[in-house]
1. Could you please give the count of residues in segment 31-62 that are buried (at least 17 other Cβ atoms within 10 Å of the Cβ), part of a strand (DSSP E or B) and touching an Asp or Glu at 6+ places or on another chain (Cβ under 8 Å)?
2. I'd like the full set of residues that are under 15 Å from residue 3 (Cα atoms), surrounded by 13 or more Cβ atoms within 10 Å (Cβ to Cβ) and more than 14 Å from the chain's Cα centre (by Cα), limited to segment 90-132.
3. Of the residues that sit in segment 177-211 and are under 20 Å from residue 149 (Cα atoms) and of a type in the set (S, T, N, Q), which one is surrounded by the most Cβ atoms within 10 Å (Cβ to Cβ)?
4. Hey, can you tell me all the residues within segment 240-284 that are over 21 Å from the mean Cα position of the chain (by Cα) and not in a helix (DSSP H, G or I)?
5. Between a residue in segment 170-184 that is among the β-branched types (Val, Ile, Thr) and any residue that is surrounded by fewer than 20 Cβ atoms within 10 Å (Cβ to Cβ) and part of a loop (DSSP other than H, G, I, E, B), which pairs come within a Cβ distance under 7 Å, given they are 6 or more apart or on different chains?
6. Does residue 145 fit the bill of being open to solvent by less than 60 Å² (accessible area, probe 1.4 Å), in contact with a Leu (Cβ under 7 Å, 6 or more places away or on another chain), over 20 Å from residue 6 (Cβ atoms) and hydrophobic (A, V, I, L, M, F, W, C)?
7. Conditions: (1) outside any loop (DSSP other than H, G, I, E, B); (2) within 27 Å of residue 278 (Cβ to Cβ); (3) at pLDDT 95 or above; (4) not aliphatic (A, V, I, L, M). Residue 174 meets all but one. Number of the miss?
Amino acid sequence: MRIAVMGAGSLGTIIGAYLSKGKKQAVDLIDVNQEHVDALNKSGATIVGTVEETIPVTAITPAEMNGVYDLVLLLTKQVYNDQVLVNLRQYISEESIVLSLQNGVPEEGLAAELGEKRVVGGSVEFGATWIKPGVSELTTAAESFKANAFQIGELDGSITERAEKLRDVLNLVGGTEISTNLIGTKWSKLLVNVAMSGTSTVFGCTYGDVLANDTAVTSAVMLADETLEAGQASGVEFTSIAGIDVAKTFKINKDKSNLSEVISMARKVFEPQALLRASMLQDLEKHRKSEIDYINGEVVAKGKETGTPTPFNDLLVHWVRKAEDEKSVPVFEESLVPFKQLIEKNI
C-alpha cells in the first residue's frame, strides 16, 4: 500500500513515523515546509515528550508528489482545503481512499469535492506539538496514545472491509476503533477541541493551565455544554471518545447544580493532555490564520441554525479573530477578564 500523509505537522509527523517504522508500507510525509522536509529526510522523525524515539522516514513537498496513492491521510488545516484538494486530485484514483483526520466536521465538503466513495472519516484522539523541523512532541500519555489513537468510520455508518483494513494500518500507530456513528464521533472530538483547544488558544496557555484556573476551566465546560446543546438540537448523537461518554460527562443541568461535578470530571479527563498547547494557539504565535471558524465557529454557526444560544463560543470566536487581525498572542490574565464577567452573568 502506498500512503500519503498530507500535512506532516505535529500530528502528521508522529503518524507518518509510526506508519513508516514497520517498513510494511510505502509512506510519504508531505509538507510545504521545506526546512521540515529536509530535516525529516536527513535525521528522521524525532518524537519527544511522553515518548523518545527517532524513526527514519521519507518526506517530500507537495510539488514533489507523483504517481497514485492508495491511501491519503488528510491532516492539513481546513483553511487550506481549496488548494490542497486541487493538488491532491492528480494523485488519487477511483479506488484511492482519503481518510479525513482534520479538525472539525469537514467530511460533507470533502465528499462533494472528491466523491463520497473515496472519503472515510476519522478522529485523532491524541495531542502533539510541533517543536522544530524534524521534531514533534507527543503530549498525550504514552499508554493513552497506544490505547486510543483514532476513531474512523464510513460516512453511512456501515462496517466495511476497507474500514477494517484501515484500522489494521492505523493500529501501527495506536489503538483504532471503527465508529458506526461517524457524525457523532466527529462532534464528540469537536467538543473536546471546542472546550480545550479553544480555551488554550484564547488564554494563550497549555491545557494544564486551563485546568488549574477556575475561570478558565469553567469556561471550558460551558463551551462543551453549548456544543452538546447545539449538536443535539440538530440531531447529533454524541459518542464516547477515548472511553468517555461526552454527553453524560459534560452535560450541565439548567440550574447549574452539577457544575462543580462536571468541572471535576473535566480536570480528571483532560489531565493526561496537560502539556498540550492548541495548534490554533501555535498559529497565532506564527501570525497565521487559525481554524477557529471550523472549531468554535462551527458551534456558533450550528447555534444560529438551530436557535441555540452559544454566548461562550461567541465570545471566544470574537477574541481569537481579534488576535488574528492584530497578529497578537492572547495574554492569560487579560483574556480571563471577559470570560469571568460572562460566567458571573450566566451562573
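The values are calculated or read from the model by the stated rules, or taken from the named source; none is laboratory data. Please read all numbers here as calculations on a predicted model, not as lab measurements. Ideal geometry is used to build each Cβ from the backbone, glycine not excepted, and the neighbour counts take in all protein chains shown. Keep in mind that these areas ignore ligands, DNA and RNA; they rest on the heavy atoms of the full protein, side chains included. Shrake-Rupley method; radii C 1.70, N 1.55, O 1.52, S 1.80 Å.
1. Qualifying residue count, segment 31-62: 5.
2. 91, 92, 96, 97, 98, 118, 119, 120
3. 188
4. 251, 252, 253, 254, 255, 256, 257, 258
5. Final answer for the pair search is 178/159; 180/157; 180/159.
6. yes
7. So the condition that residue 174 fails would be (1).
Rundown of residues vs (1) closer than 15 Å to residue 312 by Cα; (2) touching a residue at least 60 places away in the same chain (Cβ under 8 Å); (3) part of a loop (DSSP other than H, G, I, E, B); (4) in contact with a helix residue (DSSP H, G or I) (Cβ under 8 Å, 6 or more places away or on another chain), yes/no style:
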position	(1), (2), (3), (4)
163	no, no, no, no
187	no, yes, no, yes
197	yes, yes, no, yes
222	yes, yes, no, yes
230	yes, yes, no, yes
237	no, no, yes, yes
